[in-house]
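Have a look at the structure below before the remarks.
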Amino acid sequence: MEMRDTDRALVQAATAVAKLRCRSENHTVAAAARSADGRVFTGVNVYHFTGGPCAEVVAIGAAATQGVTELETIVAVGDRGRGVIPPCGRCRQVLLDYFPSIRVIVGPADGPRVVPIGDLLPETYVWADHQIDPVPAPRPGD
């Protein structure tokens, strides 16, 4: 997919947060997500030896606190000028489960591109309660 001006602005928003807030080993990635109505929500990862949420999940939470139920596009940017980075596997699954039509900005700084989340997670896991009900087996005499 072609990068739009709003996509470039989203990369700039995440980059600004990374420069401002990612200054320690506890916060190394920033994310920015745009809602369907155009609002932008940002977040940083929260590293801890017990684990911690990635920047994309924090941005999703920030959007949720404002009542947003639909995100259109998301991007993650690394600290120290690393530029756009792809979401980890866990974030890919969360993004697909919550926002199956979300667009994700990936790729190098000199040529980022936008891809549907499904392209980043082929053959995805589907939770049992999200699976389509199986077709009942035919009964004798049917």
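Using Cβ point charges alone (K and R +1, D and E -1), the dipole size of the chain about the Cα centre works out to roughly 640 debye.
In terms of overall dimensions, the range 30-81 has a Cα radius of gyration and Dmax of 11.3, 36 angstrom.
The listed residues E56, E2, E123, E70, once ranked by accessible area (1.4 Å probe) with the largest placed first, stand as E123, E2, E70, E56.
Within the range 33-126, the percentage of alpha carbon pairs spaced more than 16 angstrom apart rounds to 54%. Taking label positions 7 Å along the Cα-Cβ direction at both T124 and R39, the computed distance is 2.4 nm, reported to one decimal.
Largest first, the residues T28, T69, T6 sort by 1.4 Å accessible area into T69, T6, T28. Label separation (A9 vs R23): 2.8 nm, computed from points 7 Å beyond Cα along the C-beta direction.
The heavy atoms of D110 offer some 140 square angstrom of accessible surface to a 1.4 angstrom probe.
Would you calculate a helix-derived [θ] at 222 nm for the chain, using -39,500 (n - 2.57) for each DSSP H run of n ≥ 4 and dividing by the full residue count, to the nearest 500? So the helix-based figure for the chain works out to -9000 deg cm²/dmol. For the range 62-73, putting each phi into the Karplus relation 6.51 cos²θ - 1.76 cosθ + 1.60 with θ = phi - 60° gives couplings of 4, 5, 4, 5, 9, x, 7, 10, 9, 9, 9, 9 Hz, in residue order, rounded to whole numbers and with x for Gly and Pro.
Largest accessible area first, the listed residues C88, C22 line up as C88, C22 when surface is computed with a 1.4 Å probe on the assembled protein chains.
The values are calculated or read from the model by the stated rules, or taken from the named source; none is laboratory data. Everything numeric in this text was worked out from a predicted model, so none of it was measured. As a convention, Cβ positions derive from the backbone with ideal geometry for all residues, glycine included, and neighbour counts pool all protein chains shown. Accessible surface areas use protein heavy atoms only, side chains included; no ligands, DNA or RNA. Shrake-Rupley method; radii C 1.70, N 1.55, O 1.52, S 1.80 Å.
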